[in-house]
Each structure stands twice: as C-alpha cells, then as structure tokens.
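J.: Mind looking over this structure? Questions follow.
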Amino acid sequence: MERKNDEKANSLDNAIKECKEIVLNHRSQSKLILYSVSSFLILLIATNYVLIVFSGIDIQIVLDSSWLYIAAGFVMMVFGVLMSIYRFHLKETAKYEHLHIGFLRIRVAGNNTETGYQTEVRKSLTENAFLFDTNNTFLGTNKKVKNPLPGHPTSDISTLIINKLLDNIEFQKKDKPSKAAIVN
C-alpha cells in the first residue's frame, strides 16, 4: 500500500517537474526569437546607415522602386513569421503553466485528507483544474476569417476589418427563374 502512494506521488511529482521543464524551454525559445528579431532590426538599420553615409552617394539615391517593394515585403514577411512563432511560444508557456498549477492543486487535494478537505474544498481544488480556454476573447468566438499571422499587427487589424465587414454583409441565395417563366 505504501509503495502505491509513493508511485502516485512520484508520477505527480514527475508531471509537475515535466511542466516546469516545458515552461522553461518555451521561455528560452521565446527569448531567442526576441533576440533574433531585435538583431534583425539592428542589422537592417545598420545596413541602411552604411549605404547612406559611407557610400559616397547623395542621400537621394535613385533605385528601382520594385526592389524597394521586394525588400519591404521581405522584411515584413520575416518580422511576421518571427512574431507568430514568438506568440506560439507565449501560448504554450501559458498552457503549461496552467497545467502546472492544476497538478499543484491536485497535490494539495491529495495530500490533505482531513475532514475539512473532504467536501467543498477538495471539490473546488480538483474541479476544472486542467480546463484551459484557448478562445480568442479579443475578436470573439464567431470569427469567420482565421488570422494567417497571429501576433502581427497588420495581420490582426486586417483580419478584424474583414470580420467586421463579413458580419455586416448578409448572403442570400438567388432563385433561378424556372424554364416555364422564361418561355412565356
């Protein structure tokens, strides 16, 4: 009997330890993403500075506008992808922190078997301990268009505008006239 309690405690302790490790891993990955975004932006600024100051050409450099659009699109794409990966790590961190707290609640309920813990206290500790709501509360749960790059400001704003427009538009099926009505 004592061995079963030790195994249960070890498995619960292992789950708590595993959640802590996953949270630390996601936090370190999100820091790495932020460092790479900041170094990417610093590199971009430094490149522009070198091109303008040390090139020996006036500030009014005449370039083909298509190259500027391609470069701006590339910068926006890299920034958007990195921010969506960063947001993924933040969501995973929040989810596993919630699971960690749920396991701690189960441990408290399991370790305290006195009469005071047999009723509402145990129920409140164990009920919905692992329920994690993943709905996006900013836009609501009735989203029609899913955000392709969550976390990127322009993507969030454009998705919000499209969803607002779709909420105001009502689609109706157009009835086709029958062949008898066309003949007459």
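J.: Could you check region 39-57 and list, in sequence order, the residues that are over 29 Å from M83 (Cα atoms) and either at pLDDT 70 or above or surrounded by fewer than 10 Cβ atoms within 10 Å (Cβ to Cβ) (or both)?
T.: V53, F54, G56
Residue by residue, here is whether (1) modelled with pLDDT of 85 or more; (2) of a type in the set (D, E, K, R); (3) open to solvent by 70 Å² or more (accessible area, probe 1.4 Å) holds:
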residue: M1; (1), (2), (3): no, no, yes
residue: I16; (1), (2), (3): yes, no, no
residue: V37; (1), (2), (3): yes, no, no
residue: I59; (1), (2), (3): no, no, yes
residue: L68; (1), (2), (3): no, no, yes
residue: G80; (1), (2), (3): no, no, no
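J.: For a quick check of your reading: which helices (runs of 4 or more DSSP H) sit entirely within region 104-184 and have at least 3 residues that are under 30 Å from I85 (Cα atoms) and at pLDDT 75 or above?
T.: Those helices (runs of 4 or more DSSP H) span 153-168.
J.: Here's another thing I want to ask about it. I'm told H89 meets every condition in (1) open to solvent by less than 50 Å² (accessible area, probe 1.4 Å); (2) modelled with pLDDT under 85 except one. Can you identify the failing condition by its number?
T.: H89 satisfies all of (1) open to solvent by less than 50 Å² (accessible area, probe 1.4 Å); (2) modelled with pLDDT under 85 except (2).
The values are calculated or read from the model by the stated rules, or taken from the named source; none is laboratory data. Keep in mind that this is a model prediction, so the values were computed, not measured. Please note: Cβ atoms are built from the backbone with ideal geometry, for glycine as well, and neighbour counts cover all protein chains shown. Surface accessibility is based on the protein's heavy atoms, side chains included, excluding ligands, DNA and RNA. Shrake-Rupley method; radii C 1.70, N 1.55, O 1.52, S 1.80 Å.
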